[in-house]
1. Whose amide H sits under 5 Å from the amide H of Leu347, counting only residues 5 or more places off or on another chain, with H placed in the peptide plane?
2. Return, ordered by residue number, the residues of the stretch 224-262 whose backbone nitrogen is under 13 Å from a label point located 7 Å along Cα→Cβ of Thr215.
3. Could you sort Arg59, Arg185 by accessible area so the largest value comes first, with the probe set to 1.4 Å?
4. Any aspartates and glutamates with Cα under 16 Å of the Lys94 Cα? List them, leaving off those in the same chain fewer than 8 positions away.
5. For Phe224, what accessible area in Å² do you get when you roll a 1.4 Å probe over the heavy atoms of the protein chains, rounding to the nearest 10?
6. What nm distance separates the two modelled labels at Asn296 and Leu119, each placed 7 Å from Cα along Cα→Cβ?
7. Short version: ³J(HN,Hα) in whole Hz for each residue of the stretch 278-290, in order, from phi by Karplus 6.51 cos²θ - 1.76 cosθ + 1.60 (θ = phi - 60°), x for Gly and Pro, what are they?
8. Quick one: if the Förster radius is 56 Å, what FRET efficiency do Ile132 and Thr426 give, using the C-beta to C-beta distance and rounding to 0.05?
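The values are calculated or read from the model by the stated rules, or taken from the named source; none is laboratory data. Since this is a predicted model, take the numbers as computed values, not measurements. Note: ideal-geometry Cβ built from the backbone for every residue, glycine included; neighbour counts use all protein chains shown. Please note that ligands, DNA and RNA were not included when accessible areas were found on the heavy atoms of the full protein model with its side chains. Shrake-Rupley method; radii C 1.70, N 1.55, O 1.52, S 1.80 Å.
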Amino acid sequence: MVAKVKMLIDGQFIESSGETVTVVQNPATSEILAHTPQCTNAELLKAVQSAKEAFKSWREVPTPERARMFLKYQDLVKKNQDELAKLVSQENGKIFSDAQGDVWRGIEVIEHACNIPSLMMGETVENVARNIDTMSLVQPLGVCAGITPFNFPAMIPLWMFPLAIACGNTFVLKPSEQDPLTALRLGELFVEAGFPKGVLNIVHGAKPTVDFLLTNPDIKAISFVGSAPVAQYIYKTAAENKKRVQALAGAKNHMIVMPDASKNNVISALTGASCGAAGQRCMAISVAIFVGESKNWISDIQESMKQIQLGAWNDSSAMVGPVISEKAKLRINDLIATGQKEGAKLLVDGRNPSVPSCPKGHFVGPTLFTDVKPEMKIYQEEIFGPVLLTMTADTLEQAIEIINNNPFGNGTSIFTASGAAARKFTHSIDVGQVGVNIPIPVPLPFFSFTGWKNSFYGDLHAYGKEAIKFYTQTKTITSRWFDVVNSQTNGPNMTIRLG
């Protein structure tokens, strides 16, 4: 009998009484690993109440003591990192080296949480007025919640709960129902590290669980990573319920290739950045813009992508694993077919690849398009698979314009030997995370993850035309988040004052 994935509530690992389940499969073999329950409302309420009660005492724990507990936690996660990576590979499908990277980037966040005393410092100013001093304090909010996607089952939960808890908050985590086993193991290590019961709770489910977390009045803040439509829904619903929100959304990341770049570096970087983790990364490069004569390298990219071997995590020759599910595979295949119908030229077709060692796996092979136009569906949508679109431009200025016109703004990069070109690109580009001769510009934990435009919805980015557009569409943002002054949507004098 296949077991249900347990919950962590009030320090205890218990089985849900919910009857509706989601099947957790090994994407490479279709083997059923577990069933993720849809937690009942009573169970969800118990988790939040446990976190609320734990907050009363946890917030009083001295900050250095919290840091020392996270030192122990990071030691436990490090000692078990290969076990965690194997779990990631089995439930998510990543090859083992990718899974090891997933776990390690999460460990880096725990290490950052160990530095929390200096991050919790406030500010003081003497004599702001005659004989009056002012002091600001950094204090915890209360119960926070995290809703995480399938693509990084270790790293993204570790983006959230260690820092929130280190700051004195308590936390309710809802991992993806498609691969929750890694998050549960992280919870087991958390309990082993000696944290008090109720500080971290783990619950499961799909939209009913998400809606409960977004509307429960005892939850003060929400973190989310996922697709743009869901991020908009998360932001709208949580904001209506007076919660702080950070919702990292979709992406369409571009790389500009200049003719003076190192050809070998471009081929290696672009192949890995577009196909690594089966393209299931919000920071994957999915569009390459070749400027001038660099377009002649597209045929070399084509040959490089043809050499990529598909397979399961324990196949030492495998370079790319499967996508998460049969549903995801069919969606990607449909988008590839749509690209052909719209007139894009398909140089490498990854549909229905032969993987003899894994005949039941959900594999999509590396796929390469040329002659892509901005109005095409494959350009407008985030494909979230190992599919690379290529475009051409005569000048750097034209390439920058293409990127700035795209509605997403998560990450971008340029490959060039010119300092002047790099400076112009980094200064002019309207994207949050920018790399020069780096294919995936992901920051370390002590920097912010700064998606722009439709790649982020949240308090700190609720400004500009996108915020006004969102406001006029939903009519739900209030002055608690921002005030609109002289707010003609298309007017040049629009001013936003952050609330």
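1. Answer set, sorted by chain and number: Leu368, Phe369, Thr370.
2. Residues 237-238, 240-241 fall inside that zone.
3. Numbers: Arg59 90, Arg185 45 Å².
My answer, sorted largest first, is Arg59, Arg185.
4. Glu31, Asp82, Glu83, Asp102, Asp179, Asp315, Glu326
5. Using a 1.4 Å probe on the heavy atoms, I get roughly 20 Å².
6. With each label point 7 Å from Cα toward Cβ, the separation is 4.9 nm.
7. In residue order, the calculated couplings are 6, x, 8, 10, 5, 10, 5, 7, 10, 9, 10, 10, 8 Hz.
8. The calculated FRET efficiency here is 0.85.
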